[in-house]
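Colleague: Below are the structure tokens for one structure; questions will follow.
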Amino acid sequence: MRNRSIRRLLMAAFSGRANHSVQIQWVLRDPGSWLCRQFQSTSIETHSAPCEHKIEELARKTNQRGSHALWTGYGTHNVGGPTRRPDDVRTTSAMGRIYANLVMMRKPDVVVEFGTAFGVSGMYFLAGIEANQQGQLLTFEPNLEWAEIARANLVQIGKRFQLTVGTFEENIERFFSSGRQINLAFIDAIHTPEFVLPQLELVLANSARGSIILLDDINFSPEMSQCWSEISRQPRFSASAKLGDRVGILERGV
Ligand SMILES: C[S@@+](CC[C@H](N)C(=O)[O-])C[C@H]1O[C@@H](n2cnc3c(N)ncnc32)[C@H](O)[C@@H]1O
């Protein structure tokens with residue numbers, strides 16, 4: 001008991017103070033998978049991310065700039081009006097912490113993210129990559145105005161990123177035609193099965209065994225919840241779970 005308390009204290013001192021916990025609802029749980037070995041309980045204590053204060057300050061200032069026009073590619077899939085404030089679309093700090101810490105634990109060479117939006121989730125991934133002193137974030141955003149705001153945020157955190165102004169689908173090939181592979185992906189674009197399913201297949205076609213895939217807004221609609229329910233049971237994944245109430249996580253098994 002005493003040993004466990006000491007270990008917890010050491011971990012908190014090493015990774016920052018734990019002050020939130022996020023529930024994990026497991027679906028697939030192969031005990032040999034990396035995710036199951038790392039997260040043995042049904043919740044994750046979140047520890048502060050490197051540069052977290054700076055990231056949140058940049059996010060705050062970005063939000064103060066007000067509303068910006070949504071990418072025209074949403075077309076009829078847009079359900080929230082023609083503009084968004086940065087805070088309307090960003091990843092929360094609790095999830096950002098998990099993303100940065102996942103990167104620090106897994107040490108991926110290639111992290112892919114789409115879309116970038118104003119760069120908040122990207123800053124958390126990049127903070128983890130910079131802490132590792134290895135790896136690169138490839139992030140994709142077709143909205144030119146949003147992408148330039150994101151770029152100005154990301155450069156404040158580090159250099160190990162490449163932001164492409166354009167969609168993931170239209171640009172992925174030039175990054176991975178040489179056999180390079182994705183180790184961690186974050187799918188956070190248009191949250192409908194019609195977009196998410198082909199995007200997931202593209203990620204898998206370019207990813208390594210054991211890669212980790214995060215999907216945001218899995219409960220965006222009844223169709224999206226059903227889609228997650230089916231994906232998360234597929235035997236090609238060795239582990240799958242819901243983190244908190246909106247993020248899905250998968251580990252590629254084969
Ligand atoms: C919910 S926001 C992303 C939020 C961001 N990941 C964060 O947490 O800070 C969705 C973004 O995806 C972009 N997007 C939509 N379809 C895309 C695609 N096919 N490839 C890349 N980005 C896309 C949108 O323009 C929008 O900026």
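Colleague: Given labels modelled 7 Å from the Cα in the Cβ direction, how far is it in nm from THR42 to LEU144?
Modeller: Label-label distance for THR42 and LEU144, simple model: 5.1 nm.
Colleague: Per the helix-only calculation at 222 nm, which mean residue ellipticity applies to the chain, given -39500 (n - 2.57) for every DSSP H run of n ≥ 4 and division by its residues, nearest 500 deg cm²/dmol? All intermediate terms of the calculation are to be shown ahead of the outcome.
Modeller: On the way: 10 runs with 106 residues, N = 254.
So the helix-based figure for the chain works out to -12500 deg cm²/dmol.
Colleague: Same structure again: Give the lysines whose C-alpha is closer than 21 Å to that of LYS54, dropping any in the same chain fewer than 8 places away, or say none.
Modeller: Straight-distance partners of LYS54: LYS159.
Colleague: If we restrict to alpha carbons, what Rg and Dmax does segment 28-100 come to, in Å?
Modeller: Every Cα atom of segment 28-100 included, Rg and Dmax give 17.4, 47 Å.
Colleague: Where Rh is the Kirkwood radius over the Cα pairs of segment 115-249, the temperature 25 °C and the viscosity 0.890 mPa s, what D in µm²/s does Stokes-Einstein return? Intermediate values should be presented prior to the final figure.
Modeller: Details: Rh = 15.5 Å.
The estimated diffusion coefficient comes to 158 µm²/s.
Colleague: Still on this structure, I have one more. In the neighborhood of GLY248, defined by Cβ-to-Cβ distances under 12 Å, what is the net charge if each Lys or Arg adds +1 and each Asp or Glu adds -1? List each step's numbers first, then the result.
Modeller: Values: positive: ARG233, LYS242, ARG246; negative: ASP188, ASP216, ASP217, GLU230, ASP245, GLU251.
Every neighbour counted, the sum reads -3.
Colleague: Measuring from the lowest to the highest alpha carbon on each principal axis, how far does the chain reach, largest first, in angstroms?
Modeller: 56, 40, 38
Colleague: Let me ask something additional. Students often forget the sequence filter, so: which aspartates and glutamates lie under 14 Å Cα-Cα from LYS242 once same-chain residues fewer than 8 apart are removed?
Modeller: ASP216, ASP217, GLU230, GLU251
Taken together, the values in this text are just the output of simple stated rules run on the coordinates, not laboratory data. From a predicted model like this one, the values you see are computed outputs, not experimental measurements. Heads up, the Cβs are rebuilt from the backbone with ideal geometry, glycines too, and the neighbour counts pull from every protein chain shown.
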